[in-house]
Amino acid sequence: MSTTKDFSNTRTFLIDLTRCTGCRACQVACKQWNQMKAEKTTFFKGEGYQNPQTMSEYTLTAIRFRDYEKNGENEFAFYKEMCMHCNDPACVSVCPVSAFTKTPEGPVVYDTTRCIGCRFCMIACPFGVPKYEWSKALPLVVKCTGCYARVKEGLIPACAKACPTAISYGGRNDMIAEAKRRLAKWPEKYVNRIYGLDEAGGTSVLYLSALPFTELGFKGVTKRPLPSYTWAALRLVPGVFLTMGGSLAFISWLTHRKDRLRKEEEARKASKTQ
Ligand code: SF4
Ligand code: SF4
Ligand code: SF4
């Protein structure tokens, strides 16, 4: 559940893909700031030439690539994939142990100490963002945090800071106004759409593009907030799966309770010996 319903000033990315040079400074800055491990990748020559191909348990943002023809000339388009920090996030609504939170500032954050690895968020997210730690014995999910620790201190996210050209960051209404200004000033340069304005009920990441978004690989997402769909969709999931989620939530509750009791016991013993 969102902690605020007024999104006019929530911190928001405006990513102008016509200004993205594909330098990947954002990708590197994200790795550095979040201390993410390097991963072994291969150069992918299918739909584009991006490397790594997409986000993963080690890569919270990735630059995707498309080449296309315009007026007989070869052109490149890049787009930055990351969590959309939805206004009304499906991941928040579906998580049985409330591991996700939509902060009043805008970023949707994730508490690993609560996660039980049930992967409901992966099923529910319309943008395919949360990734599973397949490499670990006890995997959890990971996703972009919107650099909440930085944002709380009045800093801008590491990727926005590193980007030389394409990323603006500020209040949502200001970013929408800036996007509209560019669309009005250079109608020949852009498709007339702000992706993220209404998708999934609106997001804290907005995009402008020269190419239709579907050609870039963006998902065609409903404009209604997703939580209203989420439970309808999950009702179709076999009962055993839901039961499993409930059981896992209960196991997690027990584990956390045991952990809390153990810590209380240790604190009590420590105070007796002083
Ligand atoms: S994009 Fe997915 S993971 Fe990110 S806030 Fe929205 S529903 Fe959650
Ligand atoms: S907001 Fe932070 S965590 Fe998210 S993609 Fe940018 S640098 Fe990475
Ligand atoms: S840093 Fe900016 S220009 Fe460079 S790849 Fe990322 S979004 Fe594009």
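The values are calculated or read from the model by the stated rules, or taken from the named source; none is laboratory data. Keep in mind that this is a model prediction, so the values were computed, not measured. Glycine also receives a Cβ, built like all others from the backbone with ideal geometry; neighbour counts cover every protein chain displayed. For the accessible areas, the whole protein counts, side chains as well, though only heavy atoms, and no ligand, DNA or RNA atoms are used. Shrake-Rupley method; radii C 1.70, N 1.55, O 1.52, S 1.80 Å.
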Here the Cα Rg-to-2.2 N^0.38 Å ratio for the range 121-213 is 1.31
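Largest first, how would 156, 176, 123 line up by accessible area (1.4 Å probe)? Don't skip to the end; give the middle numbers.
Details: 156 65, 176 20, 123 95 Å².
So, going from the largest accessible area down, we get 123, 156, 176.
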XL table 31/136; 5/152; 40/161; 40/143; Cα-Cα > 22 Å flagged, in table order, is 40/161
Simple spin-label estimate for residue 149 and residue 23 in nanometres, 7 Å along Cα-Cβ: 2.5 nm
Additional length obtainable on full extension of the chain from residue 271 to residue 39, 0.36 nm per residue less Cα span: 78.9 nm
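Would you mind putting 9-15, 73-79, 183-189 in packing order, based on average other-beta-carbon counts within 10 Å, highest first? Write down the numbers at each step before the final one.
Working: 9-15: 23.9, 73-79: 15.1, 183-189: 10.7.
The peptides rank, most packed first, as 9-15, 73-79, 183-189.
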Each label sits 7 Å from Cα toward the beta-carbon; between residue 136 and residue 32 the label points are separated, in nm, by 2.5 nm
